[in-house]
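The values are calculated or read from the model by the stated rules, or taken from the named source; none is laboratory data. Everything numeric in this text was worked out from a predicted model, so none of it was measured. Cβ atoms come from the backbone with ideal geometry, glycine included; neighbour counts cover every protein chain shown. Remember, those area values only see protein heavy atoms, side chains included, never the ligands or the DNA or RNA. Shrake-Rupley method; radii C 1.70, N 1.55, O 1.52, S 1.80 Å.
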Amino acid sequence: MLYNAKCQCHCQGEQEVKIMTDNRHSTAHDDIAYMRAMAQEGRQAPLLNGPIMVAAGLIFGVANLAQWAIVSGLVVVDPIVMLWVWLTAGVAFSIALFFLIRRASRKPGFGSTGNRAVGAAWSALGFGIFVMWLSLMAVGFTSRNWELMWAMPSIVATTYGTAWMVSSAFSSQRWMTVVGLISYAGAIACGALIGNPAIYLVFSALMVLTGLVPGLALMREEPAEVI
C-alpha cells in the first residue's frame with residue numbers, strides 16, 4: 001500500500017511537471033505568435049497620416065509664399081504681419097490636425113504598430129519644430145536680431161526628412177526614403193539661400209514635394225471603411 005501510494009504520488013508529480021512545462025511552452029509560443037502578428041499588422045496596415053501631410057503642405061506652403069511676397073517687397077506691409085502669417089498658419093494647422101486625427105481614429109489600422117510609431121515620430125518632430133521656432137523668436141525679441149530665423153526652412157526640412165525615413169522603416173515603402181532624401185537635399189538648398197528671399201519659394205515648393213504630394217499618395221492607400 002505504501003509503495004503504491006509513493007508510485008501514485010510520483011506519477012502525479014511527473015504529470016504536474018509535464019503540464020507546467022507544456023504551459024510554459026504554450027505561453028512562449030503564444031507570445032511569439034502575438035509578436036509576429038503585431039509585426040505583420042504593422043507592415044500591412046496602411047499609414048493614415050496622408051491627410052495631415054496634405055494639410056501641412058497646403059497651409060505652410062501658402063504661408064511661405066506669403067513670407068516670400070513680404071520679404072521680397074512684392075507686398076509692402078508692416079514687418080509684424082509676417083508674425084501674424086505664421087501664427088495664423090499654426091492655428092489653422094492645429095485645428096485641421098484635431099479633426100484629421102479624429103477622422104483617422106475611426107479608420108481600420110489606426111492602432112497598428114506602424115501607425116502608432118509613425119504618428120509618434122511625426123508628433124515629436126512637430127513639437128520640436130514648434131519649440132525651435134519659439135526659441136528663435138525668443139532670440140529675435142531679446143537681441144532684436146532676426147537673422148537666425150532664416151535657418152527655419154533648413155531646420156524644418158531636416159526634420160521632415162528624418163520623419164520620412166522613420167516612416168519608410170516602419171512601413172517598408174521605399175518611396176518614402178526618396179521623399180526623405182529630397183527633404184534633406186532641400187535643407188541644404190535652403191541653407192545655401194539664407195538671406196535670399198528666394199529661400200521661401202524653394203521651401204514652398206519643398207512643402208509640395210515632401211508634404212502635399214506624398215500625402216495624396218498615402219490617402220490613395222487608405223481603407224475606405226470608417227468604424
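Under 1.5 on a/c is rounded, so check that first for segment 95-180, then, if it is not, pick prolate when a/b is larger than b/c and oblate when it is not; a ≥ b ≥ c are the square roots of the alpha carbon gyration tensor eigenvalues.
Since a/c reaches 1.5 but b/c is at least a/b, the shape of segment 95-180 is classed as oblate.
I'd like the distance separating the alpha-carbon centroids of segment 103-132 and segment 158-197, in whole Å.
17
Can you give me the relative contact order of segment 100-198 as a percent, contacts being Cα pairs under 8 Å and 6 or more apart? Please report the intermediate quantities before stating the final value.
On the way: 75 pairs, mean separation 25.3, N = 99.
Once normalised by length, the contact order is 26 percent.
Roll a 1.4 angstrom probe over the protein heavy atoms and tell me the percent of accessible area of segment 63-152 that is carbon or sulfur. Can you show the working numbers first?
Values: 3990 of 5340 Å².
Answer for segment 63-152 is 75 percent, counting heavy atoms of protein chains only.
Would you mind putting 180-186, 71-77, 129-135 in packing order, based on average other-beta-carbon counts within 10 Å, highest first? Please report the intermediate quantities before stating the final value.
Working: 180-186: 19.0, 71-77: 11.0, 129-135: 12.9.
In descending order of packing, they fall as 180-186, 129-135, 71-77.
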